[in-house]
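This report concerns only the one structure given below.
The values are calculated or read from the model by the stated rules, or taken from the named source; none is laboratory data. Keep in mind the model is a prediction, meaning the values are calculated, not measured. A quick note on method: Cβ atoms are made from the backbone with ideal geometry, for glycine too, and the neighbour counts reach across all protein chains shown.
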Amino acid sequence: MQKLVGEWEELNRKAASDPDLAKAHRDGHCHEAVMWYVHHLPHGMKDVLSSKISLPLLSAMQHEAKHVTHGSEVHASYQEKVSCASCHSFTYPAITV
């Protein structure tokens, strides 16, 4: 757990260097929080938490990589966290002939 907290703190610092990176980083955290709640908490714990917490809304925006200092690191973390949206968004790839 301490390793994860350290990684978050480092990414928070890097994302703070640019407003667009900060937005992508925030949106990644929202996706991550929802994923943990939906896929990793037992139903009994969800029942306990449902009246105590609010889950964040998920942004429909897909952030593009930004070529600034720390951009690739923050974007890689964001991409990892929003990968579930590929299947859960009902957005399908364009059909090519």
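The test for being within 13 Å of CYS30 (Cβ to Cβ) and at pLDDT below 85 does not hold for ALA94.
Is the stretch 53-75 home to any residue that is of a type in the set (A, V, I, L, M), farther than 28 Å from ARG13 by Cα and modelled with pLDDT of 90 or more? So far as the stretch 53-75 goes, no, none of its residues is of a type in the set (A, V, I, L, M), farther than 28 Å from ARG13 by Cα and modelled with pLDDT of 90 or more. Considered as a group, the residues in the stretch 18-29 that are buried (at least 17 other Cβ atoms within 10 Å of the Cβ) and in a helix (DSSP H, G or I) include one that is nearest to the chain's Cα centre (by Cα), and that residue is GLY28.
Taking the conditions (1) modelled with pLDDT of 85 or more; (2) not in a loop (DSSP other than H, G, I, E, B) in turn, CYS87 satisfies each one other than (1).
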